[in-house]
Amino acid sequence: MNEFLESSTNSKLLSKERLSPKNMNQLTDTRVMVFCGVMGAIAVVLSSVATIKIGDFLRIGFSSIPNQIVAFLFGPWIGMIFGGAMDIVKFMVHPDGQFNFLFTLVPMVSGLIYGFFLYKRPIKIWNIFVAELLVKIICNLGMNTYFIMLTTGNAFKAIMLPRVLTNAGKLPCDVAIMLILLPIINKIIRPEFESSRKPHGNVVCKPKEN
């Protein structure tokens, strides 16, 4: 059980190797790029069929799940790039109002947070809960609400309460989804990418001893 409930080594929260920007070199792997493309396609579909819009300032959906999976597998920096790229792609596929790069910063920061707490970290409820909680406080309730106020002129009180209630309600649901998905991803998909990073040196056969 522990074999797939825990990620690889270097799982310390502030591990320099785990959080190094050099991890972006994984994007040179064709398989990583293809996988990110597949996750991007799934994110676009989810944003179309699994998103409920309530009024002008509130959306409930699951299109961020591919972002979380990418950050979990490849780290905070690729998670940040993927989150920003997908926000732009989603807008191009389903334009809703005028594009504003401020809102693109929200999924980028979300990718950083998910990668920081989940990449090569044990898949435990505490790690997932803290990641989800910080994303909802910093990104959803903080950055997103502030940008809405800046761009629309709406008062803080008018939009904050329903957003707080929605994010509070989604928190246990999102944690549960990640607790189910991440062990499966870790067992089935992660080994495919980990094996590609192992050096393939020449095999030296030692002579048998008499």
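Each row is one residue, and each column tells you yes or no for (1) more than 21 Å from Tyr114 (Cα to Cα); (2) modelled with pLDDT of 85 or more; (3) surrounded by fewer than 17 Cβ atoms within 10 Å (Cβ to Cβ); (4) touching a strand residue (DSSP E or B) at 6+ places or on another chain (Cβ under 6 Å).
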{"residue": "Glu132", "(1), (2), (3), (4)": "no, yes, no, no"}
{"residue": "Val135", "(1), (2), (3), (4)": "no, yes, no, no"}
{"residue": "Leu141", "(1), (2), (3), (4)": "no, yes, no, no"}
{"residue": "Met149", "(1), (2), (3), (4)": "yes, no, yes, no"}
{"residue": "Thr152", "(1), (2), (3), (4)": "yes, no, yes, no"}
{"residue": "Ile159", "(1), (2), (3), (4)": "yes, no, no, no"}
{"residue": "Pro172", "(1), (2), (3), (4)": "no, yes, yes, no"}
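Looking at the stretch 49-89 only, could you name the residues that are open to solvent by less than 40 Å² (accessible area, probe 1.4 Å), of a type outside the set (A, V, I, L, M, F, W, C) and modelled with pLDDT of 75 or more? Scanning the stretch 49-89 gives Ser63, Pro66, Asn67, Gln68, Gly75, Pro76, Gly79, Gly83, Gly84.
Sub-8 Å Cβ pairs linking a first residue in the stretch 135-153 that is assigned to a helix (DSSP H, G or I) to a second residue that is acidic (Asp, Glu), at least 6 apart or interchain, are Thr152/Asp56, ordered by first then second residue.
For the stretch 116-159, enumerate the residues that are under 24 Å from the mean Cα position of the chain (by Cα) and farther than 25 Å from Ile177 by Cα.
To start, the set of residues in the stretch 116-159 that are under 24 Å from the mean Cα position of the chain (by Cα) comprises 116-148.
Answer for the stretch 116-159, where residues must be under 24 Å from the mean Cα position of the chain (by Cα) and farther than 25 Å from Ile177 by Cα: Tyr146, Phe147, Ile148.
Pairing each residue of the stretch 12-31 that is open to solvent by less than 100 Å² (accessible area, probe 1.4 Å) with any residue that is at pLDDT 90 or above and of a type in the set (Val, Ile, Thr), provided the two are 6+ apart or on different chains, yields C-beta distances under 9 Å for Asn23/Ile78; Met24/Ile78; Met24/Ile81; Gln26/Val32; Gln26/Ile78; Leu27/Ile78; Leu27/Ile81.
The values are calculated or read from the model by the stated rules, or taken from the named source; none is laboratory data. Owing to the predicted nature of the structure, the values given are computational and were not obtained by experimental measurement. Quick reminder, even Gly has a Cβ in these numbers, built from the backbone with ideal geometry, and neighbours come from all protein chains shown. With ligands, DNA and RNA removed, areas are computed over all heavy atoms of the protein, side chains included. Shrake-Rupley method; radii C 1.70, N 1.55, O 1.52, S 1.80 Å.
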